[in-house]
């Protein structure tokens with residue numbers, strides 16, 4: 001499946017992802033990139049804009065668990081080639097929105113309050129109950145001409161109230177205030193539905209494999 005994926009966009013998105021997560025910045029690895037994440041169940045991630053021999057050679061060389069290989073391609077293109085020791089993870093979707101998002105007139109319920117924070121070019125929006133419980137959160141990283149949205153999460157007890165949409169609206173306001181309109185993110189299957197309703201489009205499939213034991 002070919003989407004004409006840009007290596008420059010993938011590198012910039014991954015750099016923003018690293019700033020958001022406060023981990024090491026990506027470095028070049030052959031035709032892709034490497035990030036030392038340093039987590040127990042994600043030690044390292046390699047990201048490839050296209051599926052090629054570098055991806056397949058790395059899948060042969062790695063035997064340690066919790067090192068992720070990620071690529072802008074469909075699992076159908078590699079699942080019968082890589083060793084069965086590699087477990088395919090839930091499908092991801094890299095998405096883009098090169099215009100202002102489309103929002104209905106949303107508002108924050110009286111039971112919630114808004115909190116803001118920033119670090120490493122990352123802006124954080126939190127929706128918190130007056131009892132102090134985190135209801136929804138999201139981040140946007142502004143890097144040159146790109147806004148990268150990351151970890152848009154709503155607590156299960158506060159879903160179906162439009163909180164994720166409200167968070168996205170507040171994050172977009174920050175990006176627009178800085179003159180940034182080129183938006184990217186990686187969505188789950190569930191998140192993809194929300195983002196499409198806001199005007200986002202699929203940029204590329206984003207597939208991951210990992211050895212878990």
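Only the coordinates and a few stated rules stand behind these numbers; no lab work does. Treat the numbers as computed from the prediction; the structure is a model and nothing was measured. All Cβ positions, even for glycine, are placed from backbone atoms using ideal geometry, and neighbour counts span all protein chains on display.
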Relative compactness, segment 54-113, computed as alpha-carbon Rg over 2.2 N^0.38 Å: 1.88
For segment 97-204, what relative contact order do you get, as a whole percent, if you take Cα pairs closer than 8 Å and at least 6 residues apart? 29
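For Cα pairs less than 8 Å apart in space and 6+ apart in sequence, what is the mean separation divided by the residue count of the chain, i.e. the relative contact order in percent?
Here the relative contact order equals 27 percent.
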Starting from the 7 Å offset along Cα-to-Cβ, what nm value, one decimal, do you get for the label separation of residue 79 and residue 202? 1.5
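Using only Cα atoms, what is the ratio of the radius of gyration of segment 97-204 to 2.2 N^0.38 Å?
Working it through for segment 97-204, the quotient is 1.02.
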Relative contact order for segment 6-50: what percent, with Cα pairs under 8 Å and sequence separation of 6 or more? 29
If R₀ is 41 angstrom, what is the calculated FRET efficiency for the pair residue 107 and residue 144, using the beta carbon separation as r and rounding to 0.05? 0.80
Using only the alpha carbons, work out the radius of gyration and Dmax of the chain in angstrom. 17.8, 55
On a 0 to 90° scale, report how tilted helix 163-177 is relative to the longest principal axis of the chain, with both axes built from alpha carbons and the result rounded to the nearest 10. 90
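As an exercise, find the ratio Rg/Rh for segment 1-46 from alpha-carbon atoms, using the Kirkwood inverse-distance average for Rh.
On the Cα set of segment 1-46, Rg over Rh gives 1.01.
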Degrees, to the nearest 10: 7-21 long Cα axis against longest axis of the chain: 60
Hits in segment 33-64: amide N under 19 Å from the 7 Å Cα→Cβ extension of residue 11, namely 33-36, 45-55
In nm, spacing of pseudo-spin labels at residue 64 and residue 128 (7 Å Cα→C-beta vector): 3.8
Most fluctuating of 52, 157, 183 in the GNM of the chain (C-alpha, under 10 Å) is 157
